[in-house]
1. Tilt of helix A:13-57 relative to the longest C-alpha principal axis of chain A, in degrees (0 to 90, nearest 10)?
2. Against the longest alpha carbon principal axis of chain B, how many degrees, from 0 to 90 and to the nearest 10, is the axis of helix B:174-185 turned?
3. Need one value for A:153-161: mean number of C-beta atoms belonging to other chains within 10 Å of its residues' C-beta atoms.
4. Counting other C-beta atoms within 10 Å, and keeping those with at most 10, which DSSP coil trypsin sites (Lys or Arg not before Pro) do you find in region B:1-59?
5. List the chymotrypsin sites (Phe, Trp or Tyr not before Pro) in region B:1-43 that DSSP assigns to loop (not H, G, I, E or B) and whose Cβ has at most 10 other Cβ atoms within 10 Å. Which are they?
6. In whole angstrom, note down how far apart the Cα centers of region A:137-158 and region A:79-117 are.
7. Assign one of three labels to region A:26-219, namely rounded, prolate or oblate, based on the Cα gyration tensor with a ≥ b ≥ c the square roots of its eigenvalues; rounded applies when a/c is under 1.5, prolate when it is not and a/b is larger than b/c, and oblate otherwise.
8. Compute the long axis of helix A:189-219 from its Cα atoms, compare it with the longest principal axis of the Cα atoms of chain A, and write down the angle in degrees, 0 to 90, nearest 10.
Amino acid sequence: MEPTVSFFSGFTPNDLLFLGEAALRTLWISVLSISIGTVLGVAFGWILFEGKWAAALTIAPVLDIFRSVPLIIQLVLFYNFAPIIGLNFGPFASGVVILTVYTAALVANVARGGIEAVDTPMRRAARSLGMSYWQDLRHVVLPIGGRAVFPAWVGVALGVMKDSALVSVLGYVELLKASQILMTRTQEPFLILSIAGAFYFALSYPISRYAAFLEKRWIQ
Amino acid sequence: MFDYNFHWRPVMKSLPDLLEAALLTLQVAVLAMALGIVIGLALALIRLHMRGPLLWLASSWVELARNTPALFQLFFFGFGLGAFGLHLSPYMIVLVGLTFNCAGYLAENFRGGFQAVPDTQLRASRSLGMTAWQAYTRIVIPQVLRIVYHPITNQMVWAVLMSSLGMLVGFRELSGETQFFASRTFRIFEYFAVTAVIYYVIVKLILLGSRLLATRLFRY
């Protein structure tokens, strides 16, 4: 007798749509976390640079923790900690919070490196031309230091985009989670993983190449 | 303050098991790094000196490893290869996946290292009658390893952090073991908090060890 219900079915065009939607979710959570995280990270980097020992005793160790504990542990920990302090965060919100802080921790170091890349004589020259502290930061440090660390920032941003795959442990259906769901149903892991991998690659490879190209051009 | 009772006793009771799992984490990370360094050196040399299919293979390895999520790579070795009838044990999935990833990242570092060693070093050693193998293993590669010492340390830290992904492919290293205990007792937060501390300590020990080793290695 033919079974009336089948749990497994082949890969259909509809599934491609499902993967596409999941890819958009990956993109969305990455863009959100990277943009907020970068702003926070630059602020932290500035504090690390200006704060000297006060910052070294306060925020530096905290940021260090986020770099020394696996992201996946951070995600699980925060997802289970939020309800304890009365926050009602879903997988998406928890993912964004942790990815943002993680980005900020990585960007803080990059930003501090950028500020350090501008030598003191240059900044003194700016100040002696009558620029205020903030004008000096905006018109001298930002263009010069920003260029110096832009490739490093791109590396961090792409890293976070790839690491956003880990939010799947919380049950957020981003690209990798979607492919996992499809793999269970269609039993065609190779095809589906190739599609998912191709998406990440198509996003990451051109950007990293472009950053390398810019780096080379700016050195000249 | 919290509407939640923390129970640390079950965690403390399984602490020996967690520490044992931490050793497994270290073991897999060290093995993956050792293999990754050897393969990474080979990939870097191929990319610098060879043409043809080998160059193509090495380039695709490096670009795939660097431009797709590590979790995707683990899934690929875990499930994707199943399509070809190749089924790896969880331990092998993590080891192969980590090695693939580390080799790709290290190859890029090594390439920079090889380019930083002046050409004259190689030519001088060749003119002293060394074979190409001798010149590379005794003159060039030691200098390269010195240049990439800090990137290797960083990659070692990454390898430890990345091994936590083993949790998602059923490998019972530190994270997998934590997951196992946490889902048995429902003390998820407590277990993962202790695991986070263990990871932090491991990372700090690696950095400390690397610094101590550096003072001995680079005295001259």
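1. 30 degrees
2. Compared with the principal axis, the helix lies near 10 degrees.
3. Average per residue, whole number: 1.
4. B:R51
5. Here the sparse-neighbourhood loop sites are B:F2.
6. First find each Cα centre; the distance between them is then 20 Å.
7. Verdict is oblate for region A:26-219.
8. Approximately 20 degrees, to the nearest ten.
Read-outs throughout are calculated quantities, based only on the coordinates presented, and are distinct from any laboratory measurement. Source: prediction; values computed, not measured. Positions of Cβ are backbone-derived with ideal geometry, glycine not excepted, and every protein chain shown enters the neighbour counts.
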